[in-house]
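Here is the structure we will look at.
Every read-out reported here was derived from the displayed coordinates using simple, explicitly stated rules and does not represent laboratory data. Note that this is a predicted model, so its numbers are computed, not measured. Cβ placement follows ideal geometry from the backbone for every residue including glycine, while neighbour counts extend to all protein chains displayed.
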Amino acid sequence: MNDTPGWASPGSAPSDGQEAGVPRPSEPVDGSGPAEHWSSTQPPAGQWSPPAHSGTGPGAPPPGWGVPPQGPGWARPPAAAKPGVIPLRPLGVGEILDGAVSTMRAHWRTVLGITLTVSVIAQAAILLVQRYLLPEPPSIDRNATGSEALRQAADSFRSSLLNSTPSLLITMLATIFTTAVLTMVISRSVLGRPVTLSDAWTEARPRLLPLLGLTVVLTAMAAAIMTAGILPGFLIGDTAGVGLAFIGLLAAGGVFLWLMVRFSLASPALMLERQSITASMRRSAKLVRGAWWRTFGILALTSLLTLIVSLVIGIPFGLIAVAVDDGGLHSLLTEGTANFGWPFLIVSAIGDVVVATIAYPLSAGVMALLYVDQRIRREALDIDLARAAGLPGYANRS
């Protein structure tokens with residue numbers, strides 16, 4: 001790593017392979033297993049003290065018993081350096097989440113400027129597309145049965161898929177932009193450095209196209225996996241085909257989940273190490289190896305928190321939207337088609353903007369800090385970070 005917020009490729013980092021007989025920075029010399037200490041140069045831990053025993057006699061401890069030994073050889077390990085929003089040592093789940101929130105608080109002007117601007121533009125585009133470009137949903141005959149009901153269901157599914165595609169594309173582009181810029185904000189906040197929107201945009205701009213390419217590759221991979229899972233069942237048809245499609249869907253979902261967690265750190269690797277698309281995917285796979293379940297748990301917890309925030313904010317806005325435009329709800333209940341007007345769409349869009357303003361930096365922060373945590377655990381990145389932050393005593397450490 002160099003002394004800039006964009007972190008250089010680790011080259012022959014321990015996760016990329018290690019010479020035989022040379023212990024990794026995060027492993028003890030005796031090879032007894034992975035160490036949980038914040039770096040290999042940490043001084044020995046202080047000695048334990050037994051419970052206090054008062055009085056005198058055969059069972060009484062000698063004078064000075066229970067007092068921690070003093071002297072350079074018995075010093076307790078120093079507290080981890082914390083130049084920015086996280087301590088420079090392996091992080092717990094709570095510290096990763098707290099670091100993401102602390103970044104939002106410490107750089108709220110930059111974070112709010114990014115997320116609010118992108119969210120407003122994205123929601124305005126979605127609103128205009130929904131109102132003027134998308135076709136009206138097909139009407140549903142509630143009395144239809146048999147093949148007619150099946151045809152209506154298929155038409156409704158195709159219409160929903162067509163109507164949701166533009167919104168998904170716009171949301172994907174907004175997510176890519178905010179992730180790129182916010183990752184640069186977080187890289188500076190870890191070092192305790194100030195950052196402006198202009199600084200973050202200047203550093204993130206050259207990586208936008210590679211990040212878009214990575215997103216397209218992962219999306220195409222997910223689509224191919226899900227298609228391969230359900231296609232055989234649809235080709236067979238009948239009841240047996242439905243059962244086969246369901247089993248294939250479950251299997252494809254498991255493979256999809258495993259791969260998405262495996263490549264979850266590809267985005268920060270691409271941004272902070274200036275890696276290519278394929279190199280960032282390999283980098284993510286190496287960092288996640290041996291920590292898949294931990295990575296999955298942190299990402300699942302983040303998704304749950306984001307969902308809770310979305311519900312807490314979205315439900316009130318949804319109720320207000322229905323209240324100010326009850327004509328759309330009436331048409332949905334009586335005619336089977338949702339014909340909501342401008343009041344409903346505007347209020348719903350405002351709610352989506354508020355949700356995105358909170359969810360974007362939380363997700364991007366957790367992803368970037370999870371990447372930092374894995375590199376600290378595997379490559380002693382804490383020393384490089386402390387050196388880059390200009391902390392005293394780290395200039396000659398390796």
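Database remark: amide H of Val195 closer than 5 angstrom to no amide H (H placed geometrically; neighbours at sequence offset of 5 or more, or on other chains; Pro and chain starts carry no H). Other residues with beta-carbon under 13 Å from the beta-carbon of His107 carry, at +1 per Lys or Arg and -1 per Asp or Glu, a net charge of +3. Going by neighbour counts of Cβ atoms within 10 Å, the residues Arg378, Arg207 line up, fewest first, as Arg207, Arg378. Across the stretch 100-107, rounded Karplus estimates of 3J(HN,Hα) from the backbone phi angles (6.51 cos²θ - 1.76 cosθ + 1.60, θ = phi - 60°) give 5, 5, 4, 5, 4, 6, 5, 10 Hz, Gly and Pro being marked x. Here the residues Met367, Met271, ranked from fewest to most Cβ neighbours within 10 Å of their Cβ, fall in the order Met367, Met271. If R0 is taken as 22 Å, the Cβ-Cβ distance between Thr117 and Leu209 corresponds to a FRET efficiency of 0.60.
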